[in-house]
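Below: one structure, written as structure tokens.
The values are calculated or read from the model by the stated rules, or taken from the named source; none is laboratory data. These numbers come from a predicted model, not from an experiment. Using ideal geometry, Cβ is built from the backbone for each residue, glycine included, and neighbour counts are taken over all protein chains shown.
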Amino acid sequence: MRPIIRSVSIIILLLVLALVYFWNTDKKNERNEVTDFNHSATMNIQVIERYKDNDRFSGFGVKARNVNTPFQEFYITIEDERVYNLIEDEKEYFVNVTWESQGTQPEISGKSTKLLQIEHLDSEQ
């Protein structure tokens, strides 16, 4: 009877140690996990091209270039088809966009952003 109790005690001890190990490993991964940061920017852009892509984005978007330094190119997704229809290629607009990134660096180049607000810049004024 004694060897059975000893075997059961060893198995229970091993299970407890395994549970403690996996619990600590999980907590360590939570502390090291990189969080997403939300960024937003207001800038003058020039529309490079318009596109409709129902698979990758919300369906409508433009590829844009910041007309001021640092002259970054990025994508803007547009949720409203009516707004998309008013945007023209090679025209300049004043936009407010938002995007997510991992870490605190707000790099926008090559990212997909979401349009918050847009205004056409009249070059005739």
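For the reader, a short list of remarks on this structure follows.
- Test: residue 47 is surrounded by 16 or more Cβ atoms within 10 Å (Cβ to Cβ) and aliphatic (A, V, I, L, M): yes
- Scan of the stretch 76-99 for residues that are surrounded by 13 or more Cβ atoms within 10 Å (Cβ to Cβ) and within 14 Å of residue 41 (Cβ to Cβ), ordered by number: 76, 93, 94, 95, 96, 97, 99
- Subset of the stretch 18-37 [under 30 Å from residue 65 (Cα atoms) and either modelled with pLDDT under 75 or touching a Phe, Trp or Tyr at 6+ places or on another chain (Cβ under 8 Å) (or both)]: 34, 35
- Count - residues of the stretch 56-70 that are of a type in the set (A, V, I, L, M, F, W, C), within 10 Å of residue 45 (Cβ to Cβ) and either under 20 Å from the mean Cα position of the chain (by Cα) or surrounded by 15 or more Cβ atoms within 10 Å (Cβ to Cβ) (or both): 2
- Evaluating residue 73 against the criteria (1) in contact (Cβ under 8 Å) with a residue 12 or more places away in the chain; (2) surrounded by fewer than 18 Cβ atoms within 10 Å (Cβ to Cβ); (3) over 16 Å from residue 40 (Cα atoms) leaves one unmet condition, (3).
- One residue from 117, 105 being more than 13 Å from the chain's Cα centre (by Cα), over 12 Å from residue 46 (Cα atoms) and not small (Gly, Ala, Ser): 117
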